[in-house]
Amino acid sequence: MVTFKLLLAIVTIKNWHTLQLDVNNMFLNGDLNEEVYMQLSKGLILPPEVADEPNVVCKLNKSIYGLKQSTRQWYKKLSDALIQEGFVQSQADYTLFTRGSQDSFFAILVYVDDIILTDPNLSLLNQLHSTLNEKFSLQALCTLKYFLGFEIARAKEGLVLSQRKYTLQLLDDNSYIGNKPTKTPMDPRIKLDDQQGEPLEDPSPYRQLVGKLLHLTLSRQDITFAVNILSQFMSSPRTPHMQAAHHLYRYLKGSPGQGLLYSASSSLSLKGFFDSDWASCSITRQSTTGFCIFIRDCLISWRTKKQPTISRSSVEVEY
């Protein structure tokens, strides 16, 4: 996801062209390195010479859906084809392939059968699409608008990345559409612990609520800390924890379309911010660390996590 957001930020700042591709029947493109047999499909008409045999099976010549090695074999064939075209696979993220420089620079980001192409030159981008289409059956989805559940809206001023559809679906599935919204993700007056309140008779609804929120933190840095706190009580949630989860959903009700803005007037300068509180956890007295990384004004990475050790001050000294 960091690579995806970084690529979007660079595309917006550099004003590059993008093209989204989808591979038709991707697993059928994979070649098998070993012998694989399968049971006969129901209704298959066999030749007379083997029709009466009790243990007839099929030997696969190509990969099919359902095989454990299907994803691996498809990705190997795609990456080999890209490398033959002169692309270099990133060592930091194996789903990223790059080629060339300046006006002839290409970047390809692959997620299973969804592919993003970007390039400063539109004609070269279309030429690369034609080359790949000769090797694989591709479906061009035009400019990048929807990818992995993210909604992408692009204009001259910049690009907005959000999960509005996903958020509205969450609110609708859990009957929060008609609730009154709140202004903060968590009530700052409440400190959650593992002792107050009654244990929930069935923890499954709480776990489902928090689990679905984890995916939303990919574009909503404003709820990352709150979701981090709620996820610490997944094993034995209590009534205050469920109430805090309800509060967070009501906060989403007030801003379902909030996301990330990548400004076209930004620049390629990297900066980061790091901070931590001191012994905020009332259970373990551990501190919580948070950081965020920007490409100038474009937020591309963030995280909040409880520190594994307990610090007595802001500086730890080893003797």
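The values are calculated or read from the model by the stated rules, or taken from the named source; none is laboratory data. Owing to the predicted nature of the structure, the values given are computational and were not obtained by experimental measurement. All Cβ positions, glycine included, derive from the backbone under ideal geometry; neighbour counts span all protein chains shown. In case anyone asks, the SASA skips ligands and DNA or RNA and just uses the protein heavy atoms, side chains included. Shrake-Rupley method; radii C 1.70, N 1.55, O 1.52, S 1.80 Å.
With Cα extents along the principal axes in Å in mind, check (1) 76, 59, 56; (2) 89, 51, 30; (3) 52, 49, 38 and report the label derived from this structure.
Among (1) 76, 59, 56; (2) 89, 51, 30; (3) 52, 49, 38, the one calculated here is (1).
Roughly how many Å² is the accessible area per residue of region 232-297, as a whole number, for a 1.4 Å probe?
51 Å²
Using +1 at the Cβ of each Lys and Arg and -1 at the Cβ of each Asp and Glu in the chain, identify which of Ser162, Pro205, Asn24 lies farthest towards the dipole's positive end.
Ser162
State in Å² the accessible area per residue of region 1-112; use a 1.4 Å probe, count heavy atoms of protein chains only, and round to the nearest integer.
61 Å²
Suppose every Lys and Arg Cβ carries +1 and every Asp and Glu Cβ carries -1, with no other charges. What dipole size does region 186-261 come out with about its Cα centre, to the nearest 20 debye?
300 debye
Please give the length that would be gained between Gln195 and Leu168 if that part of the chain were fully extended, namely 0.36 nm times their separation in residues minus their C-alpha to C-alpha distance (nm, one decimal).
6.4 nm
Using R₀ = 35 Å, calculate the FRET efficiency as 1/(1 + (r/R₀)^6) where r is the Cβ-Cβ separation of Lys14 and Glu134; round to 0.05.
0.80
Say R0 is 41 Å: what FRET efficiency, to the nearest 0.05, do Ala153 and Tyr37 get from their beta-carbon distance?
Efficiency for this residue pair is about 0.25.
Using +1 on the beta carbon of Lys and Arg, -1 on that of Asp and Glu, and nothing else charged, what's the dipole of region 201-319 about the Cα centre, debye to 20?
200 debye
For region 220-319, rounded, prolate or oblate, judged on the Cα gyration tensor with a ≥ b ≥ c (square roots of eigenvalues), a/c < 1.5 rounded, else prolate if a/b > b/c?
Taking the square roots of the gyration eigenvalues as a ≥ b ≥ c, region 220-319 is oblate.
Spin-label point model (7 Å from Cα, Cβ direction): what's the Glu85 to Gln307 distance in nm?
Result for the modelled spin labels: 4.8 nm.
How much length, in nm to one decimal, is gained on full extension between Val50 and Lys212, taken as 0.36 nm per residue of separation minus their Cα-Cα distance?
53.2 nm
What is the distance in Å between the Cα centroid of region 76-106 and that of region 123-147?
Their Cα centres are 15 Å away from one another.
Pop out the carbon and sulfur fraction of the accessible area of the chain as a percent, whole number, probe 1.4 Å.
On the chain, the fraction of accessible area on carbon and sulfur atoms equals 53 percent.
With the crude spin-label approximation of a point 7 Å out along Cα→Cβ, what separation in nm comes out for Tyr111 versus Val2?
1.7 nm
Show me, for region 160-175, the HN-Hα J-couplings you get by feeding each phi into the Karplus relation (A = 6.51, B = -1.76, C = 1.60, θ = phi - 60°), rounded to Hz, glycine and proline as x.
Using θ = phi - 60°, the values come out as 10, 10, 8, 10, 4, 4, 5, 5, 4, 5, 4, 5, 5, 5, 9, 6 Hz.
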